[in-house]
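Taking it in order: structure first as structure tokens, then the write-up.
The values are calculated or read from the model by the stated rules, or taken from the named source; none is laboratory data. Just so we're clear, the structure is a prediction, and the values are computed from it rather than from any experiment. In this analysis, Cβ positions are derived from the backbone assuming ideal geometry, glycine residues included, and neighbour counts consider all displayed protein chains.
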Amino acid sequence: MRPESSVRTVILLEILLPVALLIFGVYHGVMQVLYRAGIIKDMSFLGIEYYQGLTLHGVINAIVFTTILIVAFGNIMFWYLLKKPLRPAVQWVAFLLMLVGTLMAAWAMFTGKANVLYTFYPPLIAHWTFYLGAALLIIGSIVPLFFDWLPNYLAWKRENPDKKVPIGVYGVMVNHIMWVIMVVPVVIEVLFQLLPLSMGLVAEINPSLARTLFWAFGHPVVYFWLLPAYAMLYQILPRLVSEKGALFSDGAARLAFILFLIFSFPVGLHHQYTEPGITNSYKLIHALFTFGVAVPSFITAFSVAASLEYSIKAQYPHLKDSLFAWWTKIPYISTQGDKWVVSYYMAGLFMFLIGGITGIINASYNLNLVVHNTAWVPAHFHTTVGGLVTLIFLGMSLFFLGRLTGKEIRAKALAALAPWLWLVGFAIFNIAYSIAGIEGMPRRTNMGPSYSNPDSPIFAADWMPEAIAGAVGGTIAGIGFVLFLVSFVATLLAPKTKEETLEFPTASTYHDERMPALQRLTPWVVFSSLLFLIAYIPPLYDVTKRGVFFDSPGYNDKSPLPITKPQSAKEEDKKEVSKR
Ligand code: HAS
């Protein structure tokens, strides 16, 4: 089956653009570890200021790279699995909106007008083009859902009333519906708080309200990144590892997606445990739901392991009774056919085991007080979004680049090695930054001129071994990315050898449970939206009443220490003096 050429071009651009941007994203990641280890001791490097680079790193990697590729993978899943054409006009509109949005935000970031990091907490304020750019990126990414995927999904259901949509389509559909729900709070924050402040229409806004609205979006968004990776784990991986590859349980996979739909929303306050404006009871409720949202990942861990075991044993019957010997038959690193891409899945899964454990530690209310805002947190998310998600996205970008252009994958050995270097690099980074985090090393801090500088009065010699190990790990991961890039560019420039296609290996199903309750999405969408409202209305009310604070210590981006005392503290000091 051959995709329509205009649609093929859009999908190809949706792969090329984020991978090209990721070069800047990864570069600024490597700069981060160099600053933090004191190898760069300045406020800026090559004309890019520290927080400008950190903003580029976070926004490109976590927001732009993920969002555009999620649309590309969604298009591919819908096109190939439902065998229904996509509408070129819809696809072009979506892509152009995402492109214009990305360019606007990129202009603001590259010119230093948006050094606000990917969480854009006020009082940090960016040029209005940054917010509008982000909004256009989001709108563009939603267009295919309403005008292509949903109509095709409904048409397919009408034509196949007794069949279930393939698991890949089911996952993509649930994920994009979640996306539409989760962007509501951040759109409110941008439209009613940040844009008016940035344009000078209002003089002040409530920062606690802004942060609460941000995190109502900011945690669900991590599952928006994760679910496409899960959809590919279920739909594609088993067939990649074995000719007889099958998903162990279709019902368990669908249940996992529905549990994400329910539990992804009422959890955002676990990013705000330390904030004074919100009552503890709601923080506790969000903590409990956070343990709930780990359950579908546990289900996935068991489903994927069972699928791997079943698929390998189906191909090697002599291993049928083995407990662990079948592990040796997984093509962890292979250049045979499409098997090179298995490296990305397996390295990602191993990293996510650590990401999951550290996530549960983060969620644990009082343990969070030890790790919050420390180097522990970047250690956690470089094994989740920077681990499983990035690796599967990179692997599948290269995989589909070959398919879409009709070219053989070049430098396959480098492509297969790249994720393992990424894993080794981030294992070192993760161990170092986790230990440093427990010792109190802060995140989001230019340690180059301060804590990692022996000439500084606040030099922290105790953190240096971990900071240097972090730099070694980050650099190794960066080299892994370069290997991937060599293969990607060589493939792009290679001559065409076969017909362009969008076909990919799809796993059959071993246990195909019916589970009718999971076939209709509408009741689950309604239920999850209500739960979102119930979990958020009281805390939002709280922050409008109690979250307003009028004085905070002075802020200076040249030092990690507060430069002035808040007004209230100064008044306390005066009282002390007058008492004496
Ligand atoms: Fe997180 C902070 C809690 C998952 C991303 N997280 C972050 C931040 C990011 C992020 C970016 O509760 C920083 C935000 C910022 O800038 O401030 N996170 C969790 C929990 C989970 C979790 C409970 N996070 C993710 C995922 C992310 C992500 C997924 C991106 C994609 N996270 C937190 C908390 C914070 C936080 C607090 C705030 C910290 C603070 O104080 O600031 C869970 O969903 C994790 C569940 C995962 C599992 C693992 C399942 C394992 C699998 C692999 C199986 C392996 C196999 C291989 C099968 C239970 C699926 C077998 C091999 C064979 C050979 C057989």
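Can you tell me which residue among Ala325, Ala363 is at pLDDT 95 or above, more than 21 Å from Ala427 (Cβ to Cβ) and within 10 Å of the ligand (Cβ to nearest atom)?
Values: Ala325 fails: within 10 Å of the ligand (Cβ to nearest atom).
Of the residues listed, the single one that is at pLDDT 95 or above, more than 21 Å from Ala427 (Cβ to Cβ) and within 10 Å of the ligand (Cβ to nearest atom) is Ala363.
Quick one: in the stretch 270-307, which of the residues that are near the ligand (Cβ under 9 Å from one of its atoms), within 19 Å of Val377 (Cα to Cα) and more than 18 Å from the chain's Cα centre (by Cα) is surrounded by the fewest Cβ atoms within 10 Å (Cβ to Cβ)?
Among residues in the stretch 270-307 that are near the ligand (Cβ under 9 Å from one of its atoms), within 19 Å of Val377 (Cα to Cα) and more than 18 Å from the chain's Cα centre (by Cα), the one surrounded by the fewest Cβ atoms within 10 Å (Cβ to Cβ) is Thr274.
Check the stretch 216-228 and report whether any residue there is buried (at least 22 other Cβ atoms within 10 Å of the Cβ), touching a Leu at 6+ places or on another chain (Cβ under 6 Å) and of a type in the set (Phe, Trp, Tyr).
No, the stretch 216-228 has no match at all.
Can you name the residue in the stretch 367-410 that is small (Gly, Ala, Ser) and crowded, with 21+ Cβ neighbours inside 10 Å and is also farthest from Leu233 (Cα to Cα) among such residues?
Here is the first cut: in the stretch 367-410, the ones small (Gly, Ala, Ser) are 375, 379, 386-387, 395, 397, 402, 406.
With crowded, with 21+ Cβ neighbours inside 10 Å added as a condition, the list becomes 375, 379, 386-387, 395, 397, 402.
Numbers: Ala375: 30, Ala379: 24, Gly386: 17, Gly387: 14, Gly395: 12, Ser397: 15, Gly402: 20 Å.
Among those that are small (Gly, Ala, Ser) and crowded, with 21+ Cβ neighbours inside 10 Å, it is Ala375.
Report every pair of residues separated by at least 6 positions or lying on different chains whose Cβ atoms are under 7 Å apart, first residue within the stretch 409-438 and on the phi > 0 side of the Ramachandran plot, second assigned to a helix (DSSP H, G or I) and surrounded by fewer than 21 Cβ atoms within 10 Å (Cβ to Cβ).
Pairs found: Ala411/Val486; Ala411/Ala490.
So the check is Cβ under 7 Å with 6+ separation or different chains; which pairs have a first residue in the stretch 152-174 that's closer than 11 Å to Phe257 by Cβ and a second one that's acidic (Asp, Glu)?
Ile167/Asp250
How do the helices (runs of 4 or more DSSP H) wholly within the stretch 68-181 filter down when requiring 3 or more residues that are over 24 Å from the mean Cα position of the chain (by Cα): which remain?
Where helices (runs of 4 or more DSSP H) fall fully within the stretch 68-181 and carry at least 3 residues being over 24 Å from the mean Cα position of the chain (by Cα), they are 88-110, 150-159.
If only one of Leu255, Leu261 is farther than 25 Å from Ile68 by Cβ and either at pLDDT 95 or above or within 12 Å of the ligand (Cβ to nearest atom) (or both), which one is it?
Leu255
Going by what's in this entry, would Ser434 be described as under 30 Å from Ile278 (Cβ atoms) and not aromatic (Phe, Trp, Tyr)?
Here the answer is yes, as Ser434 does meet what is asked.
Check off (1) touching a Pro at 6+ places or on another chain (Cβ under 9 Å); (2) among the hydroxyl-bearing types (Ser, Thr, Tyr); (3) at pLDDT 95 or above; (4) surrounded by fewer than 21 Cβ atoms within 10 Å (Cβ to Cβ) for Tyr121 and give me the number that stays unchecked.
So the condition that Tyr121 fails would be (3).
Of these, Ile285, Ile278, which one is under 29 Å from Leu369 (Cβ atoms), modelled with pLDDT under 95 and of a type outside the set (Asp, Glu)? Even if it seems obvious, please write down each step before you answer.
Working: Ile285 fails: modelled with pLDDT under 95.
Matching residue, one of Ile285, Ile278: Ile278.
Condition test on Leu353, is it surrounded by fewer than 18 Cβ atoms within 10 Å (Cβ to Cβ), closer than 17 Å to Leu391 by Cα and near the ligand (Cβ under 10 Å from one of its atoms)? Reasoning before the result, please.
Details: surrounded by fewer than 18 Cβ atoms within 10 Å (Cβ to Cβ): yes; closer than 17 Å to Leu391 by Cα: yes; near the ligand (Cβ under 10 Å from one of its atoms): yes.
So Leu353 fits the description; yes.
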